[in-house]
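Take a look at the structure below.
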Amino acid sequence: MATQHSRSAARIMMAPAVILLLGWMLIPLTMTLVFSFKRYLPLRGGDLGWVGFENYVRFVSSSAFWPSVQTTLIIVGGVLVITIIFGILLSILLDQPMWGQGVVRILVIAPFFVMPTVSALVWKNMFMDPVNGLFAHLWKAFGAQPIEWLSDASLFSIILIVSWQWLPFATLILLTAIQSLDSEQLEAAEMDGAPPLSRFAYITLPHLSRAITIVLLIQTIFLLAIFAEIFVTTSGAFGTRTLTYLIYQRVLESQNVGLGSAGGVYAIILANIVAIFLMRIVGKNLDT
Amino acid sequence: MARAVTTRRKTINTVAAWAIGLLIFFPILWTILTSFKTEAQAINDPPLFLFFDWTLENYAVVQERSDYMRFLWNSVIIAGGSTVLGLIVAVPAAWSMAFVPSKRTKDILMWMLSTKMLPAVGVLYPIYLLFIEMGLLDTRIGLTIVLMLINLPIIVWMLYTYFKEIPGEILEAARMDGATLKEEILYILTPMAIPGIASTLLLNVILAWNEAFWTLNLTAAKAAPLTAFIASYSSPEGLFYAKLSAASTMAIAPILILGWFSQKQLVRGLTFGAVK
Amino acid sequence: MGQITLNQITKSFGDVQVIPPLDLRIDDGEFVVFVGPSGCGKSTLLRLIAGLEDITSGEINIDGKDATEVPPAKRGLAMVFQSYALYPHMSVRKNIAFPLRMAGLDKAEQDNKVEAAAKVLNLTDYLERRPGQLSGGQRQRVAIGRAIVREPAAFLFDEPLSNLDAALRVNMRLEISELHQTLETTMIYVTHDQVEAMTMADKIVVLQAGIIEQVGSPLELYHTPRNRFVAGFIGSPKMNFMMGAFSAEYDAATIGIRPEHISVSHTEGKWSGKVGVSEHLGSDTFLYVDVDGLEDPVTVRSTGEVAFRHGDAVHLTPDPEKIHRFDNQGLRMA
């Protein structure tokens, strides 16, 4: 609580941030909404008038739509499963006493700081290249036929690359959460006769549940929007066209803005469904 | 209380953790190693790990051929500029919400968070169009503004959680001592919040540096930062592994170093204060 | 000068009125203590006087001038906060000098005043340290130093001793009292601890739910509490209250008798009962006696030497002069 004077000062000081974000949100959003109801082809005649919900229907009924949804779900789901399971294991390992803990931590989180275009290119060329990639050498060393990773196992390859980038994030957050666990709780459980596995299941895991949910939601939002990794590796070929990439192609590559905008509205709705759950958790945290 | 751990167990932990750590770090290590090889050595069969003729030639070539410094400079300007601009807008806003909360503060914070979740691709064309109209396409100023806007919610949130930890009584004491609002923020709040502001700055430089949707879609030759520069290696130059590695190493090195400094703040920033 | 008058002031947070219309006059040089249970509005009242909160209606006068709309810094008041609110990034010297710096005093003058205040408060050796390197008592003194240098019309203290341990609290209590005698400046002191109120105040203001229950000197409050609340709040251990047959005898709804006004005997007395718990403090003994016909045990304060044990049958006799009578509204009866 405060005085009238400081309250009005507060309103003025908040204004720039609020106005900027409001503009950033409302103006493009309104434009996308308007475009989505139009036949709009900038290179082939421009604005060709209102078409109602035609773009929405066409976007969903196009042959590329359902595969792209499927691809999106596989990539997002795959990365989530890998990063969360390995993230939990890794964070528990890193929480144990060892020599050089700080250095190991640095090694583990490093991939998160690598820009997406670099990690995509390095993996694509230096690891997954069927001739000169390290994987090819490895396969040959065991007498196996090198795999054409990005065409024959394209989805797996993308999941691998993206998981490598996001595993540090999950690990770091789960590690922070584990470290905030009161060790007396574990000691009490030990005194009560709980073996290590039960201590993990009944004490550690419940303690981590909130952090896991947060990792899940934040990663989902970022993973739904992955772009550079696909742009650089396969450009959406070989079944790696996600919803985001499909919309990008409609808008910028084939310049069908109306159709792409309808797709954009779908993407916004999808992201908002996830966002609502995330915001509930974050919001709860605000009260305490 | 910590407990004595047997050396045996500690050894097992150490070996396992280091093995996994090195495995995860290996792609980066490999990139750095390759950047010091010649092109022939880079694709040697079998691969060469440490025993090759170390050379700095790739770094020289990358700089010479592609004008690397220009992209680096673009990255510095865009990442630094967007962060500084963001801080200027966010510090007063975070002050208001942390110290003069109203019934709507929570709603405003949540709403700001929600703008961060707007999928970029959903507004790609409008932004693209606005950029053309305003002559901002392929300019550093345009990109700086966009990156400032997409990271503003994170900046406000991080500052808010840091400011919340400063006891309000201290600011009231300053007010009683005769400080004006400006003096209160300048002499009391800012010095006390320096660690928080610094980590906010760090995290946002990292996020802006690595941003790879708008930087790829809103730039061409002129304002392209390192993300776009590296993407241009996707073909056919990407086949020159040593040069690709040198360019990549230079692009990620500064941020790796910054990142290591900011690991703690990273958690808070990326979870909007929900995990500390 | 430091004469403060509150005229029909009220404070509401949203729809909740935390201070109903309230009048109070604080004279120059007085040591006034606001005391009451937590949540009674005493801190809010202090913050209204400081100007850290707006009053919803009414008027605050400081030295005869309307200060209702005057911002905190311009009211000529200094405040010592519960958490001390020292600036952690500044040395002790800079902390104490801060209000002077804000007032635009030149450096030499600032230094003079800081040194003088430091001398009074025994802080001279610590001037270059940061607050984080000081003990609780030292921090408290820095906070007081920061208030002193402004030479305010009045000092406001918001539960300043509640973060100190018991021994230190007694020391600081004395120091603040001494400071008041030296400076002769008006002091307004908020606490929930009635011992602090009794020992320090010239005038005690007992608050409950934003309402002033009684204003008076410590002894007035002790001897003639205006109602049951004040009677129960002031004095330690608490006053015993009795109803029913016990009070009917005195023609009152409730009677109250302080533990120190009851005599105890093995053989004879007005009320009989059994000793429950006895606490031996050395100088005193507190007996909790289960009296026949009463639900709550009666507290009795006795000398340190008496040896009563759990289960002993005892007889209690109140000093008839010291019995407080209350009507069914809880108000004192003449």
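Read-outs: derived from the displayed coordinates by stated rules, not from any lab. Given the structure is predicted, the values throughout are model-derived calculations rather than measurements. Glycine gets a Cβ as well: all are built from the backbone with ideal geometry, and neighbour counts include every protein chain shown.
Rounded, prolate or oblate: which one fits segment A:1-93, using the alpha carbon gyration tensor with axes a ≥ b ≥ c (rounded when a/c is under 1.5, else prolate when a/b beats b/c, else oblate)? Oblate. Centre-to-centre separation between the Cα atoms of segment A:109-131 and those of segment A:199-278: 20 Å.
In whole percent, what relative contact order does segment B:62-270 give with Cα contacts below 8 Å and a gap of six or more residues?
Numbers: 185 pairs, mean separation 70.5, N = 209.
Relative contact order here is 34 percent.
Distance between the C-alpha centres of segment B:35-92 and segment C:208-260: 81 Å, rounded to the whole angstrom. Note on C:Lys238/A:Trp99: beta-carbon distance plugged into 1/(1 + (r/R0)^6) with R0 of 51 Å gives a FRET efficiency of 0.25.
Computed from label points 7 Å out along Cα-Cβ, the spacing between C:Ser177 and A:Ile92 is 6.2 nm. The mean number of Cβ atoms from other chains found within 10 Å of a Cβ in peptide B:40-48 is 3, as a whole number.
Give the relative contact order (percent, whole number) for segment C:4-232; include only Cα pairs under 8 Å separated by 6+ residues.
So the answer I get is 29 percent.
With 0.36 nm allotted per residue and the present C-alpha distance subtracted, the B:Lys182-B:Lys106 stretch has 24.9 nm of extension available.
Tell me, what is the FRET efficiency for C:Lys107 and C:Asp202 to the nearest 0.05, using R0 = 30 angstrom and their Cβ-Cβ distance as r?
Working: r = 38 Å, r/R0 = 1.27.
Using R0 = 30 Å, I get an efficiency of 0.20.
When the helices of chain A are scored as -39500 (n - 2.57) per DSSP H run of n ≥ 4 and the total is divided over every residue, the value at 222 nm lands at -22500 deg cm²/dmol. Here is what passes the span test in chain A: the DSSP H helices with alpha carbon length of 15 Å or more along the helix axis and a Kyte-Doolittle mean of -1.0 or above are A:4-36, A:65-95, A:154-179, A:205-224, A:257-287. Grab the other residues whose beta carbon is less than 13 angstrom from that of C:Ala166, score K and R as +1, D and E as -1, and report the net. Taking every other residue near C:Ala166 into account, the sum is -1.
Taking every DSSP helix (H) stretch of at least 4 residues in chain B, weighting each as -39,500 (n - 2.57) and dividing the sum by the residue count yields a mean residue ellipticity at 222 nm of -22500 deg cm²/dmol.
So for the protein assembly as shown, what are the equivalent ellipsoid semi-axes in whole Å, largest first, each being the square root of 5 times an eigenvalue of the Cα gyration tensor?
Numbers: eigenvalues 920, 217, 158 Å².
Taking √(5λ) for each eigenvalue gives 68, 33, 28 Å, largest first.
Between A:Trp66, A:Trp139, A:Trp99, the GNM of chain A built on Cα springs shorter than 10 angstrom shows A:Trp99 fluctuating the most. Over chain C, dividing the summed -39,500 (n - 2.57) contributions of all DSSP H runs of at least 4 residues by the number of residues returns a 222 nm mean residue ellipticity of -7500 deg cm²/dmol. May I ask which of A:Lys38/B:Lys103; C:Lys274/C:Lys322; B:Lys106/B:Lys222; C:Lys203/C:Lys270; C:Lys203/C:Lys322 have a Cα-Cα span longer than 30 Å here? Those over the limit are A:Lys38/B:Lys103; B:Lys106/B:Lys222; C:Lys203/C:Lys270.
Which FRET efficiency, nearest 0.05, do A:Leu138 and B:Trp73 yield, Cβ-Cβ r, R0 45 Å?
Here the calculated transfer efficiency is 0.70.
Here the label points at A:Glu190 and A:His5, each 7 Å from Cα along the C-beta direction, are separated by 5.7 nm in the simple model. Label positions at C:Ser38 and C:Asp165, each projected 7 Å from the Cα along the C-beta direction, are separated by 2.2 nm. For segment B:182-204, backbone nitrogen atoms closer than 16 Å to the point 7 Å from B:Val84 Cα along Cα-to-C-beta are found at B:198, B:201-202, B:204. Helix B:190-210: angle to the longest alpha-carbon principal axis of chain B, degrees 0 to 90, nearest 10? Helix B:190-210 sits roughly 40 degrees off the main axis of chain B.
For chain B, the longest principal axis of the Cα atoms and the long axis of helix B:57-66 meet at an angle of about 70 degrees. Segment C:133-150 and segment C:18-89 have their alpha-carbon centroids 20 Å apart.
I need the shape label for chain B. Rule: rounded when a/c is under 1.5, else prolate if a/b > b/c, else oblate, with a, b, c from the alpha carbon gyration tensor. Oblate. Taking all Cα pairs closer than 8 Å and separated by 6 or more residues, the relative contact order of chain A comes to 29 percent. Kirkwood's formula applied to the C-alpha pairs of segment C:4-232 gives a hydrodynamic radius of 18.2 angstrom.
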